[in-house]
Number of protein chains: 2
Amino acid sequence: MSSPVGLHRVLAPAGVLPQAAQRLDARSEISADEVRIAVERLNLDAASFRQLAQKHGGDGDRVRAEVLDIIGTRGKMQNPVTGSGGMLIGTVDEVGPDSPLGLTKGDRVATLVSLTLTPLAVTDGLVGWDGRSEQVPCVGHAILFARSVAAVLPDDLDPRLALAVLDVCGAPALTARVVRPGASVAVVGGAGKSGSLSLAAARRAGAGRTVGVVPTQAEAALLRGAGLADHVAVADARDPVALAAAVGEPVDVTVVCVDVPGCEHGAILATADGGTVVFFSMATSFAAAALGAEGLAADVTMLVGNGYVPGHAEYALGLVREVPGVRKLFEGRLTL
Amino acid sequence: MSSPVGLHRVLAPAGVLPQAAQRLDARSEISADEVRIAVERLNLDAASFRQLAQKHGGDGDRVRAEVLDIIGTRGKMQNPVTGSGGMLIGTVDEVGPDSPLGLTKGDRVATLVSLTLTPLAVTDGLVGWDGRSEQVPCVGHAILFARSVAAVLPDDLDPRLALAVLDVCGAPALTARVVRPGASVAVVGGAGKSGSLSLAAARRAGAGRTVGVVPTQAEAALLRGAGLADHVAVADARDPVALAAAVGEPVDVTVVCVDVPGCEHGAILATADGGTVVFFSMATSFAAAALGAEGLAADVTMLVGNGYVPGHAEYALGLVREVPGVRKLFEGRLTL
């Protein structure tokens, strides 16, 4: 019997969900409610790729070897240090008769559930990847469970662009939910993928003042050029006092989109009493956030950025289609 | 110049807030806006004490030696593995002329900001502690900043009881905020300190069905005897499928109060779409929560349990005074 959440693919330890598993069964045969994808490209989570690149001093061959080893050992791509994964793009190869996902053989799709819980096997040794970017060309297969989420890729957008957008599509959808009309909003990492989408989502949700915080003057120029924030400030988000000063008057909503550790305190300091902090960065420390707010006697609501919000894929793709500044930033990152 | 959040006490690394610091300056001389406390007792965070006890195989002498070493090295009590601390009780020894905390020399107080950011020095070698419980009799001093929180201990409650309640007083206050009248609520770890208070808070906030989940039949009997939940179930919270089965019909609000790692997925599975999970456990993994919800395509709001909510101390002490079942559970733990 197969489980809608993939329990039957967990090899070790027993009883956990696939995301918590050390090792998954990535066999290509599918159960009646599963779907097999012929994989074309992986998109590694930013925190994961950064950790690997730093660990290996930017040596692409060693990064590639470690990613291959992780996938081979674990039956999935989950960075053992950051715990994060990423997503993938591919073509539907076989659909079990009981799959509820509505996919058809031949559909070109992106998976919207994390690689950390997706059974994955690679057969080409990643020969097409230089180990120097998050986007990994790849031959192999991946498995979707009954309770997975996949989006058919739109015809009107470059697939690499669509993949980059879908990878972070939970952030703008949740930002749009949290921001009330007139609310002031700061996005830390505002020139990045999830950051620029979150700024656009905040404005569309009726935000008042919007602030984009970025780490360098170069990113500030990019974000100013994109016109997504009323105010653009440069600060090291790991320096709480500097971050709060960059934001200025404390805001109603702070959205953290930078994948470096240690941004929790600054985000809390930058947020007004009664406000909300949304943490999308996988580098967020739960204890640092909880104890930081307590230690600052800060009455703020802190949300764990859930990557799933109903309708998130269409919402994010719509922003990229309709907000030129967002599209420009994404296309600039892809060097299309 | 002293900083209201204690930046002037940070020795290393530069620029971080006291909670993130490796080392604090615990000198006894106070700035004009600080307060010095003559310490009487520490109450170690449950996750921290559990880690220390397990590491040392329950050897109290070695646990004591490590706690002494941490305090001596770091100038604060912050477990380097769990990142958590606890709180303390003592008597106000000196109040700077510019302190806004409203304390007076001689007040018996509990600090409501974490030990992880409180400058602390111990002078008795912890000779009065056997290393076998979270409550640590102690001679020494601690420093409060301008933006700290301390509660004067009530006259009508045993100070050990008050300390145990104040240590977790953020949980019932935030639970009361999140629970809407008629909402179904599950509390994982319902017989514990924060768990029993959260169950009582949920009922006071008008919850419909309440479920308390506990790990053993012995705790189930205790919780049933206290009468705090409509339904008491035994399950290993680290087993997502078992936890969800124990809760039954998915609930509107799940409150996680067990200090063991790996409870994120079960809490998400036990929560209805559109519901809320509040994580109070310091053992919570941010990545496991974020990726778990995404991987389960679960539309749940996940809150980082902020230990500070205005009025939290009075609210929790009120529950202990007015709900006999809560008081009974707390007194049973203290073996008064």
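Within the range A:203-218, how many residues turn out to be part of a loop (DSSP other than H, G, I, E, B) and of a type in the set (Val, Ile, Thr)?
Adding up the residues that qualify gives 1.
Filter the range A:273-297 down to the residues that are more than 9 Å from chain B (Cβ to nearest Cβ), of a type outside the set (S, T, N, Q) and in contact (Cβ under 8 Å) with a residue 40 or more places away in the chain and list them by number.
Hit for the range A:273-297 is A:VAL278, nothing else.
Within the range A:11-49, how many residues turn out to be free of Cβ contacts under 8 Å to residues at least 24 places away in the same chain and surrounded by 24 or more Cβ atoms within 10 Å (Cβ to Cβ)?
Number of matching residues: 1.
Going by the conditions given, is A:LEU144 within 20 Å of A:SER28 (Cβ to Cβ) and in contact (Cβ under 8 Å) with a residue 60 or more places away in the chain?
Yes, satisfied.
What tally of residues in the range A:92-118 results from selecting those that are in contact with a strand residue (DSSP E or B) (Cβ under 9 Å, 6 or more places away or on another chain), in contact (Cβ under 8 Å) with a residue 40 or more places away in the chain and open to solvent by 30 Å² or more (accessible area, probe 1.4 Å)?
Within the range A:92-118, residues that are in contact with a strand residue (DSSP E or B) (Cβ under 9 Å, 6 or more places away or on another chain), in contact (Cβ under 8 Å) with a residue 40 or more places away in the chain and open to solvent by 30 Å² or more (accessible area, probe 1.4 Å) number 6.
From the list A:VAL304, A:VAL309, A:VAL300, pick out the single residue that is under 30 Å from B:ALA173 (Cβ atoms), touching a residue at least 60 places away in the same chain (Cβ under 8 Å) and at the interface with chain B (Cβ under 7 Å from one of its Cβ atoms).
None of the other options fit; the residue is A:VAL309.
Go through the residues of the range A:168-178 one by one and say whether even a single one is open to solvent by 10 Å² or more (accessible area, probe 1.4 Å), in contact with a strand residue (DSSP E or B) (Cβ under 7 Å, 6 or more places away or on another chain) and in contact (Cβ under 8 Å) with a residue 60 or more places away in the chain.
Checked against the condition, which is being open to solvent by 10 Å² or more (accessible area, probe 1.4 Å), in contact with a strand residue (DSSP E or B) (Cβ under 7 Å, 6 or more places away or on another chain) and in contact (Cβ under 8 Å) with a residue 60 or more places away in the chain, the range A:168-178 yields at least one hit.
Looking only at the range B:260-280, count every residue that is part of a loop (DSSP other than H, G, I, E, B) and open to solvent by less than 10 Å² (accessible area, probe 1.4 Å) and tell me the total.
Residues meeting the conditions: 2.
For the range B:119-131, state whether one or more residues are open to solvent by 50 Å² or more (accessible area, probe 1.4 Å), of a type in the set (S, T, N, Q) and within 24 Å of B:ASP155 (Cβ to Cβ).
no
Keeping to the range B:290-336, report how many residues are closer than 30 Å to A:ILE143 by Cα, open to solvent by less than 10 Å² (accessible area, probe 1.4 Å) and at pLDDT 95 or above.
Residues flagged as closer than 30 Å to A:ILE143 by Cα, open to solvent by less than 10 Å² (accessible area, probe 1.4 Å) and at pLDDT 95 or above within the range B:290-336 amount to 2.
Look through A:GLY75, A:GLY6, A:GLY58 and report the one residue that is loosely packed, with under 14 Cβ neighbours inside 10 Å and not hydrophobic (A, V, I, L, M, F, W, C).
Criteria check complete, one pass: A:GLY58.
If you go through the range B:257-279 one residue at a time, how many are modelled with pLDDT of 95 or more, closer than 20 Å to B:VAL179 by Cβ and touching a Gly at 6+ places or on another chain (Cβ under 7 Å)?
Of the residues in that region, 4 qualify.
In the range B:140-149, what residues are open to solvent by 30 Å² or more (accessible area, probe 1.4 Å) and more than 22 Å from B:ARG23 (Cβ to Cβ)?
Correct list: empty.
If you take the residues in the range A:225-254 that are over 23 Å from the mean Cα position of the chain (by Cα) and assigned to a helix (DSSP H, G or I), which one is surrounded by the most Cβ atoms within 10 Å (Cβ to Cβ)?
Step by step, filter the range A:225-254, then rank; the result is A:PRO240.
The values are calculated or read from the model by the stated rules, or taken from the named source; none is laboratory data. In this text the structure is predicted, and so the values were computed from the model without any measurement. Positions of Cβ are generated from backbone atoms using ideal geometry, with glycine treated the same way; all protein chains shown enter the neighbour counts. Just so you know, the surface numbers come from the protein's heavy atoms only, side chains and all, with ligands and any DNA or RNA stripped out. Shrake-Rupley method; radii C 1.70, N 1.55, O 1.52, S 1.80 Å.
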